[in-house]
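Encoded as structure tokens, the structure appears first; notes follow it.
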Amino acid sequence: KKNWQKIEQKISASPAPSLVYSELNLIKKTCRDFFDEGLEMILCDHYNTYLQLRSFFSENLPEAFKLLKFYDQQTPIFDIFGVEIDIGRAIGKRIDLPSGGYLIIEQTEALTSFDVNTGKFVGKANAQQTILTTNLEATVKVVEQLKIRNLGGIIVIDFIDMEDLKDQEKVYNVFLSELEKDKALTNVLKISELGLVQMTRKRTSESLGRKLLESCPHCEGRGEVKSIQTEVNELLREIIRTSLQTGSKKIRIRVRNDIKDWLFLNGAKALKQISDDYSIEIDFIPSPLTIDLIRKQAFEVEYLSSKEPRTNWEKP
């Protein structure tokens, strides 16, 4: 209501044509859409963004204002909370369960499947209890992965076969209870005789895998590799991490040509921002790294001592 009143005021006071409203940027939209009463803290490691969020929260989300904190430590925030590790898990096929079982996640054009396996977990009582425990743990992880990966469309969960109808009912009810924590619209069918749960989840945007991965040029799409943009984002974070951890203000980089070309074409502004914010001198030097070496790392980051001379950037 408050936003609409502001829009009406702008309409009355502005000559036509004028912009009276624009959608929130990604950071503000994320905070608005994912804010939950269960949140304990909102950390921001960029001061200008922190100030913007303070203003935004004070006007629109007063509950979030008191949770907002500025992160000013030397260790990168992604390292403190293991975000890089979590991203790797979120695009991997295997998810381990607490007791030793695991999930295998396969995403295709038609549907997404979750296959539940006991793995090394043998249980302390009997096979029936082992299967029930594994399936119950899987219900929690499946819902967690649905949200993290933003999976939508048709989803099939292949639970381990349960002979006891009471066990099937228990797993199904726990699964429904876990889905109540998911804000996306879902429709779930009963567990079939084959131990399958079929469901649909409303697709709101591309899944995390579709955003972070792309078809591998070497296997013609039968597998996936990190997209160039994902590699560039990791490179930018590694530049900051290397400078903070070593105290060096001179960074030298060897990078694959395709990544360097994309960086200078689309990420030059972000690169300059990092250079300015952290007072870093960044040099790109010739590298033997090519797309043909895709099985190896995509970049190398080095630091220079203050005595070594700086060379000019090698422009593409």
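Quick look at the values:
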quantity	calculated
Under 20 Å from the Cα of LYS269 - lysines, other chains or at least 8 residues apart	LYS249, LYS250, LYS260, LYS315
Long-range amide H partners of ARG203 with built H, under 5 Å	GLY153
Computed lengthening from SER205 to SER12, 0.36 nm per intervening residue step minus Cα-Cα distance	66.0 nm
Magnitude of the charge dipole, segment 100-228, Cβ model with Lys/Arg +1 and Asp/Glu -1, debye to 20	520 debye
Dimensions (Å) - segment 1-116, Cα atoms, principal axes, largest first	63, 43, 24
Antiparallel bridge percentage (DSSP; both residues within the chain; nearest 5)	70 percent
For LEU43, distant residues with modelled amide H under 5 Å away	LYS69
Note, ³J(HN,Hα) from phi for segment 18-29, Karplus 6.51, -1.76, 1.60, rounded to Hz, x at Gly and Pro	9, 7, 10, 7, 9, 4, 5, 6, 4, 5, 5, 5
Using alpha-carbon coordinates, inclination of helix 2-13 to the longest axis of the chain, degrees	40 degrees
Per-bin percent of Cα-Cα distances, segment 147-306 [5 Å]	2, 7, 13, 13, 11, 10, 9, 8, 8, 8, 6, 4, 1, 0, 0
Too-long pairs where the Cα-Cα distance tops 28 Å, listed order kept, from LYS6/LYS147; LYS2/LYS69; LYS2/LYS202	LYS6/LYS147; LYS2/LYS202
The chain: calculated mean residue ellipticity at 222 nm from DSSP helix runs of at least 4, using -39500 (n - 2.57)	-13000 deg cm²/dmol
Signed unit charges on C-beta, dipole axis of the chain, positive-most listed residue ILE77, PHE264, GLN107	PHE264
Surface/4 of the Cα convex hull for segment 52-108, nm²	7.2 nm²
Förster radius 25 Å - calculated FRET efficiency between LYS183 and GLU59, Cβ distance, rounded to 0.05	0.60
Under Karplus coefficients 6.51, -1.76 and 1.60, residue-wise ³J(HN,Hα) of segment 273-285 in Hz, glycine/proline x	4, 5, 4, 6, 5, 10, 6, 9, 9, 10, 10, 9, 10
Long-range amide H partners of GLU224 with built H, under 5 Å	CYS216
Integer Hz, Karplus 6.51/-1.76/1.60 couplings in order for segment 39-49, x for Gly and Pro	5, 9, 6, 10, 9, 10, 9, 10, 5, 5, 5
Carbon plus sulfur fraction of accessible area for the chain, probe 1.4 Å, in percent	52 percent
Longest to shortest principal axis, alpha-carbon extents of segment 90-240, angstrom	52, 33, 32
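The values are calculated or read from the model by the stated rules, or taken from the named source; none is laboratory data. In this text the structure is predicted, and so the values were computed from the model without any measurement. Because the Cβ atoms are built from the backbone with ideal geometry, glycine has one as well, and the counts that use them run over all protein chains shown. Just so you know, the surface numbers come from the protein's heavy atoms only, side chains and all, with ligands and any DNA or RNA stripped out. Shrake-Rupley method; radii C 1.70, N 1.55, O 1.52, S 1.80 Å.
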